[in-house]
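Below you'll find the structure, written out as structure tokens, and then a few comments.
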Amino acid sequence: MEKLDLKRLWKLFLAFFRIGAFTIGGGYAMVPLIEKEVVDNQKWIGQEEIVDILAISQSVPGVIAINSSIFIGYRLGGMLGAVVAALGVILPSFIIILIIAFLMFSIRDNIYIEKAFTGVRAGVTALIGLTAVKLGKAIVKDKVAAALALLSFVAIVLFDVHAMIVITLGGITGYLVYGIRRAKEL
Amino acid sequence: MIYLQLFWSFFKIGAFSFGGGYAMIPLIQKEIQSHGWMEAKEFADIVAVSQMTPGPLAVNAATYVGVKTAGVLGSAFATLGVSLPSFILIIIIANFLIKFKESRIVNSALKGIRPITIGLISSAVIFFANMSIFTIDLSFNSIKRLFGGEFAGFFQKVQFYPGALLIFVVILVAVKKFKMHPILAVACSAVLGIIFI
């Protein structure tokens, strides 16, 4: 952990505020934004580590967006960084919901809002797809990794297996394949 | 005291719901109903609104329930409650990982977990496509029927939305070829949605 000055804390806050404000449709919709802001633009964290952070944020209880922002914030600036990143990601939805609650704004039956959000989901499909390919190229480097990625995809899409279960099985497989193999070589 | 009740209820929601998003709905509903904070119909509205506003469902629900029962301070306590378990858990895990960075077990396990995460992110592509570009029943039973030769029954239920496919292609090209920023891409998708859907 590096020491964070105020300017960098502010940058961290702004990055997560933007991520929070434009993440529509839950946890995974924020992955392309995190990848762009945290890995690509600021180069705060590498591709491998961001994938680790996403896996852990999935496997512990709580909101995935909050888990991963706390993790990234903590890595970059300790406790203060964690608080700042979490505040950044929470504040946009906090403000928007307060406005909706106060105005009793009926956004539910508005046809244009519904169309806009269907459009966003189609766009997010493309964004997540590109991110999956990009991260996949960086991560999947041997046959075991390719098999694990494919099997987890099938398990989740077709069999509705819980993410935590596939992640645990992946960890065990990783230890059996890479850990023991390396121990034999040594 | 209402503030502490809100804090504690949402603390429990944050601590015991795995998987985020919709996995949290039953737990949130139980807490809200056992306190009589909100009717079921109003909670259904929050879920609908959450789908149409940015941010995590649990934060939206905490903010909404909080402000309805105890004003802005109530929403602050509820939101704090839902986030605090994450703070505690993530910081313990982060420290654990920093401490065992050189451990062979941790490293090899992470090497197996990384491709799984790629599978998870790829499955999200299908789920988002299934909420916009097409609607297909992807459950095992439905696929089994397809392989059993019931093509007609399977494809009867398939719906396809060309407008959404167009947006998907436009955004794909704009981001891949022209390096459009994802935030701009989300905003453009919304505008394109109003025009083409």
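The values are calculated or read from the model by the stated rules, or taken from the named source; none is laboratory data. As the structure is a computational prediction, the values presented were derived from the model and not from experiment. As a convention, Cβ positions derive from the backbone with ideal geometry for all residues, glycine included, and neighbour counts pool all protein chains shown. Remember, those area values only see protein heavy atoms, side chains included, never the ligands or the DNA or RNA. Shrake-Rupley method; radii C 1.70, N 1.55, O 1.52, S 1.80 Å.
Observations on the model:
- Candidate set: segment B:60-86, residues that are out of contact with any Gly (no Cβ under 9 Å at 6 or more places or on another chain) and at the interface with chain A (Cβ under 7 Å from one of its Cβ atoms); chosen: the one least open to solvent (accessible area, probe 1.4 Å): B:N60
- Total residues in segment B:117-175 satisfying the condition of being of a type in the set (D, E) and under 30 Å from A:T168 (Cα atoms): the figure is 1.
- Looking only at segment A:64-77, and only at residues there that are over 11 Å from B:I90 (Cβ atoms) and more than 9 Å from chain B (Cβ to nearest Cβ), the one that is surrounded by the fewest Cβ atoms within 10 Å (Cβ to Cβ): A:G77
- Conditions (1) within 8 Å of chain A (Cβ to nearest Cβ); (2) open to solvent by 10 Å² or more (accessible area, probe 1.4 Å); (3) not in a loop (DSSP other than H, G, I, E, B); number of the one not met by B:L27: (1)
- Count of segment A:22-63 residues which are in contact with a Gly (Cβ under 8 Å, 6 or more places away or on another chain), closer than 20 Å to B:A185 by Cβ, facing another protein chain (nearest Cβ under 7 Å) and in a helix (DSSP H, G or I): 1
- Criterion violated by B:Q33 - all others in (1) crowded, with 23+ Cβ neighbours inside 10 Å; (2) at pLDDT 80 or above satisfied: (1)
- Test for A:L98: is it more than 19 Å from A:I139 (Cβ to Cβ), in a helix (DSSP H, G or I) and more than 7 Å from every other protein chain (Cβ to nearest Cβ): no
- Output for segment A:116-144, where each listed residue is within 7 Å of chain B (Cβ to nearest Cβ) and in a loop (DSSP other than H, G, I, E, B): A:V140
- Subset of segment A:160-179 [closer than 16 Å to B:A23 by Cα and either outside any helix (DSSP H, G or I) or open to solvent by 80 Å² or more (accessible area, probe 1.4 Å) (or both)]: A:D160, A:V161, A:H162, A:I165
- Residue match in segment B:132-142 (condition: buried (at least 18 other Cβ atoms within 10 Å of the Cβ) and either in contact (Cβ under 8 Å) with a residue 40 or more places away in the chain or within 7 Å of chain A (Cβ to nearest Cβ) (or both)): yes
- Residue that is nearest to B:S17 (Cα to Cα) [pool: residues in segment A:145-159 that are modelled with pLDDT under 95 and more than 7 Å from chain B (Cβ to nearest Cβ)]: A:A155
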